[in-house]
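Presented below is the structure to which this report refers.
The values are calculated or read from the model by the stated rules, or taken from the named source; none is laboratory data. If you're wondering where the values come from, they're calculated on a predicted model, not measured in any experiment. Quick reminder, even Gly has a Cβ in these numbers, built from the backbone with ideal geometry, and neighbours come from all protein chains shown. Heavy atoms of the whole protein, side chains included, go into the accessibility calculation; ligands, DNA and RNA do not. Shrake-Rupley method; radii C 1.70, N 1.55, O 1.52, S 1.80 Å.
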Amino acid sequence: MPEKKKQHYMPTLLRKHFAIDQEKKLINLYQIDANKVVNSCPLRDHAQEDYFYGKDGIIENALGELEDLAAPIIKRIVDDRFVPVKGTDEYQILFTFCFFQAYRTTMPVKEANENINKLYQEIGRQDKRFEDITNGKFAIQIDWINISLRHAAKALPYAFDLDLMIIENNSSTKFITSDNPAVKYNQYLEMKKFIWGQLGMLSKGLQIFFPIAPDMMLVYYDSWAYKFGNKKDKLVNLVNDKDADQLNLLQIINSDKVVFFNNELNNSYICNIAERKMKLRKEDLTKMRKTKVSEEGNAEGIIYISSNNNKGFNLNLSFVKFPKHAKKHALSDHMVQLRREELRFLIEELVKN
């Protein structure tokens, strides 16, 4: 077998913390499409594709080096409740690992292909040369993963303003994880009923929920928009089963093919919680809206705006509050609400490239 043919888009190091045996070789999983639980599966045989990052091994090796740096930090968090201090090497390595995890799975590829096909469907309604796409007879499929990671690399330096909170799960409902574990959400823009994109890495109110063990979750968040627990705490003690349920729903709704869990959760719980939100899973991954624009000389045109679908279900966590200034804040008339307005040029550059 060629070296590194099987390339994991969810690192094995993450699944090991959800293993069901001491040797860290077995795990329980729920297959989304089949609506089926399979117990005691080989841990390494999932969340992988042949040459997912290419045959030259460059990206695969680079991600492997990042995993090697992040693995001992994650282990310290799980074993010792270690909280990395912002600005330290540990903090930057961990954030970089989590940031790229949101871009390195199959989901960004599916989102991008859905985006481009929706665009050509709109064009096809005006131009018969593209009517096969409009009629569903033909679909464009592009290998977007390298583009996704390139955009991530450009945006990374500007996203370090996000703060870290660690959730320690002491409820009776433990966390699950999935093949797309770094889930983006935006309670703030959802609360504001903002209809445009909410999940950009520079968006005001962004949150990233990332389970790293059945009793431990990383949350990166916009500290301007949210108050997590007590002001000085960097670790939230979760004791409410409803909170854990909602965070598990995030994993199921945003997963691609499979959800992972250990023996602290039974099979019926996984099936029941999956069934509750299958409607949201069936929604489009992206949303496309059109708006009229006027140019000089009174010429009118239409701009199509595409964004990831927040798949919101009014996430309501007992330990997350909105500060008064955030509640009172009036959103701008821009279609992208940025945490820092001076970064708007970066959005324009990412779009151009």
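In the condition set (1) of a type in the set (Ser, Thr, Tyr); (2) at pLDDT 75 or above; (3) open to solvent by less than 20 Å² (accessible area, probe 1.4 Å), THR286 is compliant with all but (2). Do we find a residue being in contact with a helix residue (DSSP H, G or I) (Cβ under 6 Å, 6 or more places away or on another chain) and over 20 Å from MET217 (Cβ atoms) anywhere in the stretch 111-121? Within the stretch 111-121, one or more residues are in contact with a helix residue (DSSP H, G or I) (Cβ under 6 Å, 6 or more places away or on another chain) and over 20 Å from MET217 (Cβ atoms).
Given the criterion of a type in the set (A, V, I, L, M, F, W, C) and in a loop (DSSP other than H, G, I, E, B), identify the matching residue among ILE123, ILE59, ILE74, ILE140. Full working, then the answer.
On the way: ILE123 fails: in a loop (DSSP other than H, G, I, E, B); ILE59 fails: in a loop (DSSP other than H, G, I, E, B); ILE74 fails: in a loop (DSSP other than H, G, I, E, B).
So the residue among ILE123, ILE59, ILE74, ILE140 that is of a type in the set (A, V, I, L, M, F, W, C) and in a loop (DSSP other than H, G, I, E, B) is ILE140.
Has the stretch 163-173 got at least one residue that is open to solvent by less than 30 Å² (accessible area, probe 1.4 Å) and farther than 27 Å from ASN230 by Cβ? Walk me through it before giving the result.
To start, the set of residues in the stretch 163-173 that are open to solvent by less than 30 Å² (accessible area, probe 1.4 Å) comprises 163-167, 169, 171, 173.
The next check asks that each one be farther than 27 Å from ASN230 by Cβ; those that pass are none.
There is no residue in the stretch 163-173 that is open to solvent by less than 30 Å² (accessible area, probe 1.4 Å) and farther than 27 Å from ASN230 by Cβ.
Here ASP21 clears all of (1) out of contact with any helix residue (DSSP H, G or I) (no Cβ under 6 Å at 6 or more places or on another chain); (2) open to solvent by 50 Å² or more (accessible area, probe 1.4 Å) except the condition numbered (2). Please enumerate the residues belonging to the stretch 314-347 that are closer than 20 Å to PHE228 by Cβ and assigned to a loop (DSSP other than H, G, I, E, B). Correct list: ASN314, LEU315, ASN316, LEU317, SER318, PHE319, PHE322, PRO323, HIS329, ARG339.
Could you go through the stretch 8-18 and let me know if any residue there is modelled with pLDDT of 95 or more and open to solvent by 40 Å² or more (accessible area, probe 1.4 Å). Scanning the stretch 8-18 turns up at least one residue that is modelled with pLDDT of 95 or more and open to solvent by 40 Å² or more (accessible area, probe 1.4 Å). All of LEU202, LEU235, LEU218 fail the test of being in contact with a Lys or Arg (Cβ under 8 Å, 6 or more places away or on another chain) and either farther than 24 Å from GLU342 by Cβ or surrounded by 22 or more Cβ atoms within 10 Å (Cβ to Cβ) (or both), apart from LEU235.
For the stretch 19-36, what are the residues that are among the hydrophobic types (A, V, I, L, M, F, W, C) and at pLDDT 95 or above? Break it down into steps so the answer makes sense when it comes.
The initial filter retains those residues of the stretch 19-36 that are among the hydrophobic types (A, V, I, L, M, F, W, C), namely 19-20, 26-27, 29, 32, 34.
Once the filter is applied, which keeps residues that are among the hydrophobic types (A, V, I, L, M, F, W, C) and at pLDDT 95 or above, the stretch 19-36 yields ALA19, ILE20, LEU26, ILE27, LEU29.
Quick check: anything in the stretch 79-102 at pLDDT below 95, surrounded by 13 or more Cβ atoms within 10 Å (Cβ to Cβ) and part of a helix (DSSP H, G or I)? Checked against the condition, which is being at pLDDT below 95, surrounded by 13 or more Cβ atoms within 10 Å (Cβ to Cβ) and part of a helix (DSSP H, G or I), the stretch 79-102 yields no hits at all.
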